[in-house]
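**Student:** Here you go, one structure.
The values are calculated or read from the model by the stated rules, or taken from the named source; none is laboratory data. This is a predicted model, so every value here is computed, not measured. Counting neighbours? That spans all protein chains shown, and the Cβs are built from the backbone with ideal geometry, glycine included. Ligands, DNA and RNA are stripped out before the accessible areas are found, and what is left, the full protein with its side chains, is counted by its heavy atoms. Shrake-Rupley method; radii C 1.70, N 1.55, O 1.52, S 1.80 Å.
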Amino acid sequence: MIDGLVAGRLMGEASRRTDKTGRGYVVARVLARNRADEEFIVNVIAFDDAPGKALLGLADGDALSLAGGLTPKVWTDKQGVVRPSLDMIATRVLTAHHD
């Protein structure tokens, strides 16, 4: 896992989920771009209360920055094009609404 900092925009709404042991967590997707304006989808999971609460307080399209552990991945779209993505365990979330 790589320590990373990602800035982008929330895709859709974050949602609260519960694992089979009853522990809660929050999942979200973020659209980030690099300097070449290539898009990356970041699949975010937050286990701690503070980043989870921050994600749940945002709406689709809101800007945010995330810090945490990154795992690079690839996925194949409907046209068969292989695209990069990232999985992130968020430990910090910074937004314009940040306290």
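**Student:** For the chain, what size does the Cα cloud have along each of its three principal axes, sorted from largest down, in whole Å?
**Tutor:** Result, largest extent first: 37, 33, 25 Å.
**Student:** Quick one: if you stick a label point 7 Å off each Cα along the C-beta vector at residue 73 and residue 29, how many nm between them?
**Tutor:** Inter-label distance under the simple model: 1.1 nm.
**Student:** Ok, one more. Show which lysines lie in cross-link reach of residue 53 when reach means a straight Cα distance below 28 angstrom and same-chain residues fewer than eight apart are skipped.
**Tutor:** 20, 73
**Student:** Quickly work out the residue 7-to-residue 87 label distance, labels modelled 7 Å from Cα along the C-beta direction, and quote it in nm with one decimal.
**Tutor:** The two pseudo-label positions are separated by 2.7 nm.
**Student:** Looking at region 1-92, which trypsin sites (Lys or Arg not before Pro) are DSSP coil and have at most 16 other C-beta atoms within 10 Å of their C-beta?
**Tutor:** Here the sparse-neighbourhood loop sites are 20, 23, 35, 78.
**Student:** While we're on this one: Per DSSP H run of at least 4 residues, take -39500 (n - 2.57); add these up for the chain, divide by its residues and hand me the 222 nm value, nearest 500 deg cm²/dmol. Don't skip to the answer; put the middle values down first.
**Tutor:** On the way: 1 runs with 8 residues, N = 99.
Calculated from helices alone, the mean residue ellipticity at 222 nm is -2000 deg cm²/dmol.
**Student:** What are the equivalent ellipsoid semi-axes of region 1-48, built from the alpha-carbon gyration tensor (square roots of five times its eigenvalues), in whole angstrom, biggest first?
**Tutor:** Working: eigenvalues 128, 31, 10 Å².
Largest first, region 1-48 gives 25, 12, 7 Å.
**Student:** Counting DSSP beta bridges with both partners in the chain, what percentage is antiparallel, nearest 5? Working shown, then result.
**Tutor:** Working: 36 of 41 bridges.
The antiparallel fraction comes to roughly 90 percent.
**Student:** Over the chain, with every protein chain in place, what whole percent of the accessible area is carbon and sulfur at 1.4 Å, could you tell me? Intermediate results must be reported in sequence, preceding the final value.
**Tutor:** Working: 3420 of 6610 Å².
Carbon and sulfur together cover 52 percent of it.
**Student:** Still on this model: Counting only protein chains, not ligands or nucleic acids, how are 19, 77, 49 ordered by accessible area (probe 1.4 Å), most first?
**Tutor:** Values: 19 55, 77 20, 49 135 Å².
Of 19, 77, 49, the descending order of accessible area is 49, 19, 77.
**Student:** Using a 1.4 angstrom probe, figure out how much accessible area the chain has per residue, in square angstrom, rounded to the nearest whole.
**Tutor:** Values: 6610 Å² over 99 residues.
Accessible area per residue: 67 Å².
**Student:** Using R₀ = 22 Å, calculate the FRET efficiency as 1/(1 + (r/R₀)^6) where r is the Cβ-Cβ separation of residue 63 and residue 36; round to 0.05.
**Tutor:** Details: r = 20 Å, r/R0 = 0.90.
So, using R0 = 22 Å, E works out to roughly 0.65.
**Student:** Further question: I'd like the accessible area for residue 74, computed on protein heavy atoms only with a 1.4 Å probe and all protein chains in place. Round to 10 Å², please.
**Tutor:** 110 Å²
**Student:** Okay, which of region 29-72 sit inside 13 Å, backbone N to the point 7 Å along the Cα-Cβ direction of residue 19?
**Tutor:** 45-48
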